[in-house]
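To keep things clear, I will list the structure first and then write my remarks on it.
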Amino acid sequence: MFKQKKKITDQTEQELIEMGKFYLINNKFDEAIIEFKKALEISPGNAEIYYNLGLVYETKNELDMAKKMYEKALSINPEYKIVKQHLDKIVGL
Amino acid sequence: MKKKQFIVIGLGTFGFNVAKNLSEKNVEVLAIDKNEARVNEIAPFVTKAVTADATNEKVLKTLGVSDFDIGIIAIGESLESSILATLLLKELGTKTIIVKSINALHSKIAIKVGADRVVYPELESAKKLVESLISPNILEEIELSPEYNIAEIIAPKKFVNKTLGDLNIRANYKLNVIALKHKIVYLTDTDETDIKTETNISPDANTEIMEGDILVVIGKYEDIKKLQEVV
């Protein structure tokens, strides 16, 4: 019973991320943020969600927020290559 | 066509990076420093790296500095060595000489002894940093003349979803929009999201501004500042 519940939760998290990406690609930034934040409630330790939130803020040119999100993603997964590239670009390296 | 030839004298952080970046542009680079360890460090990147004293005329003659198109003197520690090296490159016939200045007085002397251009990275970086702190919406600014600049400005929120025609920036802000940069989020081959920037040069009146777009404008410094204050 417990296993089954966990599986449903995982799927929901992935669905939320996919929805967030869909909104992001279509320039619906506010909606994307809502989906990614819902996904974070289910899985606060998921670096991919922070990376995508970083992308939202970078696209909006809110670079301080983007930096915070990329840093959080890297604190979870220090080897996240694409995040490092985005952070270096923002910091100006 | 013959590749351009550069000589970089002094391989501190600045000189090292100039030499390395030049090499990446597929030009010939001769790098010189008195310090062997620094020479060994740059050697894998440049055409030729030599441990030598660039204030010694004989050494410079042997290296054939007269054949070089551009000489970059990036000696950071000694004013005297930098000036001597500038003078010698000029006398030996290097076509263009660029000097990294140590201080304001050095800039003046360098020009007097033959430098064609003086760069002062610390001062330039300081100015850029101050501008970025005072005007965070201005991402990049190039001075065309003391009065006119080209600047990259984050589109103010009130411009979003309006066309350049609606905004009539030329009449209302006395600025010309010469390009519009727009970030696009896309999916990579591995299904990861990423961003690329599309630049629309000479955008027409029907071009709509989206959230996060960057306007590249040309105009007077004070008009750019006024646009930067629009939210």
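Here B:L180 clears all of (1) under 26 Å from A:H86 (Cα atoms); (2) in contact with a helix residue (DSSP H, G or I) (Cβ under 7 Å, 6 or more places away or on another chain); (3) hydrophobic (A, V, I, L, M, F, W, C); (4) within 14 Å of another protein chain (Cβ to nearest Cβ) except the condition numbered (2).
Look at the range B:160-171: where a residue is in the same structural domain as B:N200 (by TED's automatic domain parsing) and a partner is outside any helix (DSSP H, G or I) and polar (S, T, N, Q), sitting 6+ places away or on another chain with Cβ atoms under 7 Å, you get B:T163/B:N206; B:T163/B:T207; B:L164/B:T207; B:G165/B:N206; B:R170/B:N176. Among the residues of the range B:1-35, just one is over 20 Å from B:A85 (Cα atoms) and of a type in the set (G, A, S), namely B:S23. State all residues of the range B:40-98 that are closer than 17 Å to B:K20 by Cα, part of a strand (DSSP E or B) and hydroxyl-bearing (S, T, Y); if no residue qualifies, say none. Matches in the range B:40-98: B:T51 only. Of all residues in the range A:69-83, those satisfying the criterion of being touching a Phe, Trp or Tyr at 6+ places or on another chain (Cβ under 8 Å) and either part of a loop (DSSP other than H, G, I, E, B) or not hydrophobic (A, V, I, L, M, F, W, C) (or both) are A:Y70, A:K72, A:Y80. Scanning the range B:71-118 for residues that are surrounded by 19 or more Cβ atoms within 10 Å (Cβ to Cβ) and either without any contact (Cβ under 8 Å) to a residue 12 or more places away in the chain or touching an Asp or Glu at 6+ places or on another chain (Cβ under 6 Å) (or both) yields B:L88, B:I97. Scanning the range A:28-51 for residues that are in a loop (DSSP other than H, G, I, E, B), within 12 Å of chain B (Cβ to nearest Cβ) and in contact with an Asp or Glu (Cβ under 7 Å, 6 or more places away or on another chain) yields a total of 0. Residues satisfying the criterion are present in the range A:24-31 (criterion: among the polar types (S, T, N, Q) and under 23 Å from B:N161 (Cβ atoms)).
Does B:L139 meet the test of being more than 29 Å from A:L87 (Cα to Cα) and surrounded by 14 or more Cβ atoms within 10 Å (Cβ to Cβ)? Criteria not met by B:L139.
Just checking, how many residues over the range B:149-164 are under 16 Å from B:I138 (Cα atoms) and buried (at least 17 other Cβ atoms within 10 Å of the Cβ)?
Let us first name the residues in the range B:149-164 that are under 16 Å from B:I138 (Cα atoms), namely B:149-157, B:159.
Going one step further and asking which of them are buried (at least 17 other Cβ atoms within 10 Å of the Cβ), we end up with B:149-151, B:153-155, B:159.
Result for the range B:149-164: 7.
Restricted to the range B:183-204, and to residues that are within 8 Å of chain A (Cβ to nearest Cβ) and among the acidic types (D, E), which residue is farthest from A:L53 (Cα to Cα)? Ranking the qualifying residues of the range B:183-204, first place goes to B:E192.
Test B:V231 against the stated conditions and say whether it is buried (at least 17 other Cβ atoms within 10 Å of the Cβ) and either of a type in the set (S, T, N, Q) or at negative phi (or both). For B:V231, the condition - buried (at least 17 other Cβ atoms within 10 Å of the Cβ) and either of a type in the set (S, T, N, Q) or at negative phi (or both) - is not met. When you look at B:G64, is it at pLDDT below 95 and touching a strand residue (DSSP E or B) at 6+ places or on another chain (Cβ under 8 Å), yes or no? The answer is no for B:G64.
The values are calculated or read from the model by the stated rules, or taken from the named source; none is laboratory data. Note that the structure is predicted; figures quoted are calculated from it, not measured. For neighbour counting, all protein chains shown are included, and Cβ atoms are generated from backbone atoms with ideal geometry for every residue, glycine included.
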